[in-house]
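Engineer: Below are the structure tokens for one structure; questions will follow.
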Amino acid sequence: MWRREAGTVVRRAGVLPEPVVAPFVIVAGGQIPRVPTEWAPHSHRLHELVWVRGGTLTSRVEDRLFTVSEGHGLWMPAGVVHGGRATAGAEFRDAFFAPDRTPFAFGEPKAIEMTPLLESLLTHLARTDLDAAARARAESVVFDVIRPSERQFALQLPGDARIDAIAEALLDDPADCRSLEEWARSLGVSDRTITRAFRHTTGLSFAQWRQMLRVHRALMLLSEGFDVMTVSETLGYAQPSSFIAAFRRVMGTTPGAFFDAADDSSGNVRNPVSRVQNS
């Protein structure tokens, strides 16, 4: 998905919690990676909701790339193959839902709004001392309050042999600044062919797609505490103001304001971009 950072721990899918039998519908848990952590592609027999505090989670699901930061989670339907990466130090949490007893259906991966109430309920359900009645009451409220996020931040990957090499190269190194014409010469196709292929498969121009990809990567870097200057250089921007303008075009706000809003919605007071100038 991204070029693997030094020190990244690669994990296989964890063993699903065993007590997913009546009267259990939801089983919640969590773990805290202290280094960049990557999960190899896998699937679950249960629906899964994952979210992080103090970091960012990126998941490659079939032909799409999802990124969720503080205040948002990612719903993964049962049986869908996915891999993921959490930033260093992120508090990773998950909850599993029995498909045959979950009274709503998100049939595809979807960003979920992790309100303080929803997160508190799932933390409550992680307790091992709840009796059946208390668990059922909490589960019923979860079903009432869980809802998709207004921002579904997903990037469609091309899945077209003519341009897949471009997408994979940029996933490996988002700072690759080769122009459309340079890619066309390298691949032995016309720049018009590349333009049409990106529009047809992703709905975006080549430049728009690369910009979106860079913002996905920027969210991870910023959540790890890198400043805007470092992030802009890492992603191939000539100057921080160019990166901030690109971030605003995609996210509708500056990096600093974006993380301030996430902190406000989650009740935290730590902004990973607060040290950054010109944010």
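The values are calculated or read from the model by the stated rules, or taken from the named source; none is laboratory data. Remember, predicted model here, so these are calculated numbers, not experimental data. All Cβ positions, even for glycine, are placed from backbone atoms using ideal geometry, and neighbour counts span all protein chains on display.
Engineer: If you scan segment 126-152, which residues turn out to be surrounded by 12 or more Cβ atoms within 10 Å (Cβ to Cβ) and of a type in the set (D, E)?
Structural biologist: Matches in segment 126-152: E139, D144.
Engineer: Here is a further query. Quick check on this structure: which one of V61, V52 is under 13 Å from the mean Cα position of the chain (by Cα) and over 21 Å from S223 (Cα atoms)? Outline the logic, then answer.
Structural biologist: Values: V52 fails: over 21 Å from S223 (Cα atoms).
Only one candidate qualifies: V61.
Engineer: Scan segment 55-71 for residues that are in contact (Cβ under 8 Å) with a residue 60 or more places away in the chain and surrounded by 21 or more Cβ atoms within 10 Å (Cβ to Cβ) and report the count.
Structural biologist: Matching residues across segment 55-71 total 10.
Yes/no per residue for (1) in contact with a Pro (Cβ under 9 Å, 6 or more places away or on another chain); (2) under 30 Å from F97 (Cβ atoms); (3) not acidic (D, E):
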site	(1), (2), (3)
A132	yes, yes, yes
D164	yes, no, no
W183	no, no, yes
D191	no, no, no
T201	yes, no, yes
L219	yes, yes, yes
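Engineer: When segment 110-137 is examined, which residues are found to be farther than 21 Å from V52 by Cα and assigned to a helix (DSSP H, G or I)?
Structural biologist: Residues of segment 110-137 that are farther than 21 Å from V52 by Cα, as a first pass: 128-137.
Across segment 110-137, the qualifying residues are A132, A133, A134, R135, A136, R137.
Engineer: Among L122, L170, which is in contact with a Leu (Cβ under 9 Å, 6 or more places away or on another chain), hydrophobic (A, V, I, L, M, F, W, C) and closer than 17 Å to T67 by Cβ? Can you show your working first?
Structural biologist: Values: L122 fails: closer than 17 Å to T67 by Cβ.
Step by step, each of L122, L170 is checked, and only L170 is in contact with a Leu (Cβ under 9 Å, 6 or more places away or on another chain), hydrophobic (A, V, I, L, M, F, W, C) and closer than 17 Å to T67 by Cβ.
Engineer: Any residue in segment 152-160 that is closer than 15 Å to G71 by Cα and modelled with pLDDT under 95?
Structural biologist: Step one: list which residues in segment 152-160 are closer than 15 Å to G71 by Cα, which gives 152-153.
Still in the running and modelled with pLDDT under 95: 152-153.
Yes, that holds for at least one residue.
Engineer: Hey, which of the helices (runs of 4 or more DSSP H) in segment 160-225, taking only ones fully inside, have at least 1 residues that are surrounded by 15 or more Cβ atoms within 10 Å (Cβ to Cβ), charged (D, E, K, R) and without any contact (Cβ under 8 Å) to a residue 60 or more places away in the chain?
Structural biologist: Correct list: 191-202, 206-223.
Engineer: Here is a follow-up. Can you tell me which residue is surrounded by the most Cβ atoms within 10 Å (Cβ to Cβ) among those in segment 234-247 that are part of a helix (DSSP H, G or I) and free of Cβ contacts under 8 Å to residues at least 40 places away in the same chain?
Structural biologist: Of segment 234-247, the ones part of a helix (DSSP H, G or I) are 234, 240-247.
This time we only want the ones that are free of Cβ contacts under 8 Å to residues at least 40 places away in the same chain, so: 240-247.
Numbers: P240: 20, S241: 12, S242: 13, F243: 25, I244: 20, A245: 12, A246: 19, F247: 28.
Looking at residues that are part of a helix (DSSP H, G or I) and free of Cβ contacts under 8 Å to residues at least 40 places away in the same chain, I get F247.
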